[in-house]
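A short worksheet on the structure shown next.
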Amino acid sequence: RGNNLNFGTTTIKKLASNKVIITGITQCHHVCDKVYLDVYLERKVNGTYSTYKNWSFTASKASNLVRDITVIVPSGYYYRVRGYNAAKDDNKKATRTLTNAILEK
């Protein structure tokens, strides 16, 4: 992950019936020129995961980027979150994350 990016993570938790909260964090070792956080909420349909919703965030001259996203989702499906976290100064370093699936009943 290099000199810029310390770590990146994404989580998904059930908040209430038909409601989940997604958290994405990109943490740098120092203030970076640009910090990136892309979040993809995936839903399993007929045995295959595909992107259900996605968000992209950036911050300039920052040491971290944190976002909480509350989403209303249809019940009866498994959901998971894929994340892309990156930091850029002279070069860009990135990591990808994938959560375990949760069932929205």
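The values are calculated or read from the model by the stated rules, or taken from the named source; none is laboratory data. Fair warning: this is a prediction, and the values are worked out from it, not measured in the lab. Using ideal geometry, Cβ is built from the backbone for each residue, glycine included, and neighbour counts are taken over all protein chains shown. Calculation scope for accessible area: heavy atoms of the full protein, side chains included, ligands and nucleic acids excluded. Shrake-Rupley method; radii C 1.70, N 1.55, O 1.52, S 1.80 Å.
Observations on the model:
- Search result, residues across the stretch 24-43 that are under 17 Å from the mean Cα position of the chain (by Cα) and either charged (D, E, K, R) or open to solvent by less than 30 Å² (accessible area, probe 1.4 Å) (or both): Gly24, Thr26, Cys28, Lys34, Val35, Leu37, Asp38, Val39, Leu41, Glu42, Arg43
- Any chance Tyr52 is among the aromatic types (Phe, Trp, Tyr) and farther than 15 Å from Arg96 by Cβ: yes
- Set Thr70, Thr9: member being surrounded by fewer than 14 Cβ atoms within 10 Å (Cβ to Cβ), out of contact with any Asp or Glu (no Cβ under 7 Å at 6 or more places or on another chain), assigned to a strand (DSSP E or B) and among the hydroxyl-bearing types (Ser, Thr, Tyr): Thr70
- Looking only at the stretch 12-23, and only at residues there that are of a type in the set (A, V, I, L, M) and surrounded by 14 or more Cβ atoms within 10 Å (Cβ to Cβ), the one that is farthest from the chain's Cα centre (by Cα): Val20
- Filtered by the rule that a residue be over 13 Å from Thr23 (Cβ atoms), assigned to a strand (DSSP E or B) and open to solvent by 70 Å² or more (accessible area, probe 1.4 Å), the stretch 44-67 gives Lys44, Thr48, Thr51, Tyr52, Lys53, Asn54, Ser56, Thr58, Ser60, Lys61.
- So Leu103, is it assigned to a strand (DSSP E or B), under 16 Å from the mean Cα position of the chain (by Cα) and not acidic (Asp, Glu): no
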